[in-house]
Every structure is written in C-alpha cells, then in structure tokens.
Amino acid sequence: MCQTLMKVNYISGRKRALIAYAETHKIPIGGTFNYKGKINTYNHIIKSTNLVSAAKLNIISGVEHDVFYKYIVTQKRLHRYAHHLNSSQLLCYNYFRPMMTTDDRPNPKLKQWVMDNIGVQLSGKARCRFEYVADSKEKTNFDFYIKDGDIEIFFEIKYTESGFGRVQYNQRYEKKFEEIYKEMLKAQKCLPINMPMKLFFDNYQLCRNICYITSDNKFVVFIFPRNNTTVFSQYEAFRHLIQSRQSNVKVVYWEDIVNCNSEFFAKYFK
C-alpha cells in the first residue's frame with residue numbers, strides 16, 4: 001500500500017510541476033487523449049491540432065528540432081504519448097540533443113558524460129541516434145544510441161512510468177520467445193542462458209534490452225529517477241539476475257546527472 005502511494009505521489013507531483021512549468025512558459029495545455037475510445041482531457045497534455053505540433057511544443061526552447069524530425073517524425077517513431085508533458089521520449093530528446101553536433105556526433109560534453117558514467121572513451125567517429133531499432137525482427141526500440149566502431153551503447157529512459165514493461169504469457173509471446181529470445185539469450189553475456197520463459201516475461205523490457213550485450217564493447221544504460229520508487233524497486237529486484245559482465249549494464253539516476261541551473265531541470269525536476 002505504501003509503495004502504491006509513493007508511486008502515485010511521484011507521478012502526480014511531477015505532473016503538477018510540469019503543468020506549472022507549462023503555464024509559466026505559455027505552453028497550451030488541456031489537450032486530449034483517446035483511451036479505449038474515450039476522449040479524456042488533462043492539463044498535463046499539450047493542446048495542439050496534431051501530435052507532431054504538440055510534441056514540438058514539448059521541446060525546450062533553444063534545443064534544435066532537426067534531429068527530432070530526422071529520426072523520430074520522418075521514421076514514424078513518435079510515441080503516442082509525445083504530447084504529454086511527462087513524455088520520456090521528449091525528455092530524452094531534450095537531454096541528449098544539446099550534447100550532439102549538427103552531424104549527429106557527440107560533442108565534448110557528451111563524450112565526457114560517457115566517460116564519467118560508462119567509462120568509455122569515444123572517438124571522433126562516434127554517431128548518435130534517437131529511437132534506434134537494432135534488430136528489425138526483434139523490434140526493441142532504444143530511446144538513444146551511440147555507436148563508435150565496435151562500441152555500441154543502448155539507452156532506455158524512464159521518467160514517470162510505473163515500471164519496466166512486463167508481458168503475460170500468450171501464444172504470440174511464447175512464439176517470439178521460442179523463435180527469437182532463446183537464441184538471443186545464448187548469444188548475450190549477462191543473463192542466464194537458460195532463463196525460464198516466465199522469468200523472462202516477468203522482466204521483459206529489462207531482459208530484452210540486456211540481450212543486446214553480446215560482447216565486452218556493448219553496453220546498456222538505464223536512466224531513471226531514484227525517486228520513482230516503483231521503477232527503482234523493480235530494477236533492484238531484477239539486478240541479481242545479471243550474473244556476469246555487470247559493468248556492461250549501467251544504471252544512472254536522473255538526480256545525479258541533471259544540472260540544477262539548467263532549463264532541463266526547471267522543466268522536469270524542479
């Protein structure tokens with residue numbers, strides 16, 4: 001019961017702060033969301049004529065829009081919640097886009113970030129992507145991605161979500177497990193290769209992400225708020241399943257990396 005209350009308090013508290021930010025910055029709110037055929041109006045949703053326009057209003061002033069269109073809009077990977085002020089997709093974009101050059105390379109600030117948080121030295125050839133799909137058959141969509149030669153860094157971003165995704169058993173997922181994930185488990189370097197299907201499904205998003213660690217030069221980074229207790233607790237309960245190459249799975253807390261004097265902090269964490 002207490003954990004449920006903490007979850008609600010964190011999410012509702014963040015929404016209230018985001019609404020206050022929107023009002024101060026004259027972002028139109030009171031937008032709608034279609035949930036199972038019912039149209040709902042909420043103040044933490046941006047009001048605009050279409051999803052792309054609303055999502056654009058969710059980008060912090062001064063942050064370039066170019067990569068937003070290049071990798072997210074034109075590739076049809078805009079989340080259906082992108083017009084919500086608490087969209088983790090737009091949070092990710094607002095955080096990482098200022099640390100990229102105009103040709104999608106990490107600038108010195110991002111290179112230092114990677115060294116400080118992952119322990120990897122990036123070269124001048126490194127490239128960045130948003131909404132990266134590494135395997136068109138498996139279809140995991142990584143929020144952010146950096147590639148530098150044989151070094152690959154996959155990012156999963158959380159903000160006010162109620163946890164990492166789980167799935168329940170059904171024939172479609174059983175088929176996917178038998179045809180895809182069994183082979184991925186054999187190839188990856190961190191999790192038990194004979195992980196039971198139910199355990200995999202109970203930790204679906206975490207497991208499917210970590211399955212991309214197939215060598216010493218591949219890293220998965222989870223960024224989420226320490227204060228989001230349901231996400232934090234779920235990861236803490238999961239982490240014992242990482243049996244080897246633990247340094248290739250990184251957890252970074254938003255509270256530890258956000259500049260308190262930045263506009264990003266003012267929007268998302270003040």
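Mean-square fluctuations from a GNM of the chain, with a 10 angstrom spring cutoff on Cα atoms, peak among Gln205, Gln112, Gln168 at Gln168. Accessible surface calculations at 1.4 Å, restricted to protein heavy atoms, place region 134-247 at 45 Å² per residue.
If you count the DSSP beta bridges with both ends in the chain, what percent of them are antiparallel, to the nearest 5?
Of the beta bridges lying entirely in the chain, close to 65 percent run antiparallel.
Using the structure shown, list the pairs from Lys38/Lys70; Lys139/Lys270; Lys182/Lys250 with a Cα-Cα distance above 27 Å, or answer none. Lys38/Lys70; Lys139/Lys270, as the Cα separations exceed 27 Å there.
Taking the protein heavy atoms of region 131-270 in the context of the full set of protein chains, the accessible area attributed to carbon and sulfur is 46 percent at 1.4 Å. The alpha carbon convex hull volume per residue for region 148-270 rounds to 121 Å³. Per-residue SASA remark: Ser53, around 40 Å² accessible (1.4 Å probe; ligands, DNA and RNA not included). On a 0 to 90° scale, report how tilted helix 229-238 is relative to the longest principal axis of the chain, with both axes built from alpha carbons and the result rounded to the nearest 10. The angle comes out at about 10 degrees. Karplus-based coupling profile of region 179-191, in residue order and whole Hz: 8, 10, 6, 4, 6, 5, 4, 5, 8, 6, 10, 10, 9, with θ = phi - 60° in 6.51 cos²θ - 1.76 cosθ + 1.60 and x standing for Gly or Pro. Protection proxy ranking of 128-136, 232-240, by the mean of other Cβ atoms within 10 Å over each peptide's residues and highest first, is 128-136, 232-240. Of the residues Thr101, Thr160, Phe177, the one whose Cα sits farthest towards the positive end of the charge dipole of region 101-217 is Phe177 (charges of +1 on Lys and Arg Cβ, -1 on Asp and Glu Cβ, taken about the Cα centre).
Principal axis extents of the Cα atoms in region 154-203, from largest to smallest and rounded to whole angstrom, are 32, 27, 15. Over all distinct Cα-Cα pairs of region 131-182, the Kirkwood formula returns a hydrodynamic radius of 13.2 Å. Placing +1 on each Lys and Arg Cβ and -1 on each Asp and Glu Cβ, with no other charges, gives region 149-192 a dipole about its Cα centre of roughly 200 debye. With axes computed from alpha carbons, what is the tilt in degrees of helix 2-24 against the longest principal axis of the chain, rounded to the nearest 10 within 0 to 90? That helix lies at roughly 40 degrees to the long axis. Accessible area ranking (1.4 Å probe, heavy atoms, ligands and nucleic acids excluded), largest first, for Lys158, Lys175, Lys111: Lys175, Lys111, Lys158.
The values are calculated or read from the model by the stated rules, or taken from the named source; none is laboratory data. Since this is a predicted model, take the numbers as computed values, not measurements. A quick note on method: Cβ atoms are made from the backbone with ideal geometry, for glycine too, and the neighbour counts reach across all protein chains shown. Ligands, DNA and RNA are excluded from the accessible area calculation, which covers all protein heavy atoms including side chains. Shrake-Rupley method; radii C 1.70, N 1.55, O 1.52, S 1.80 Å.
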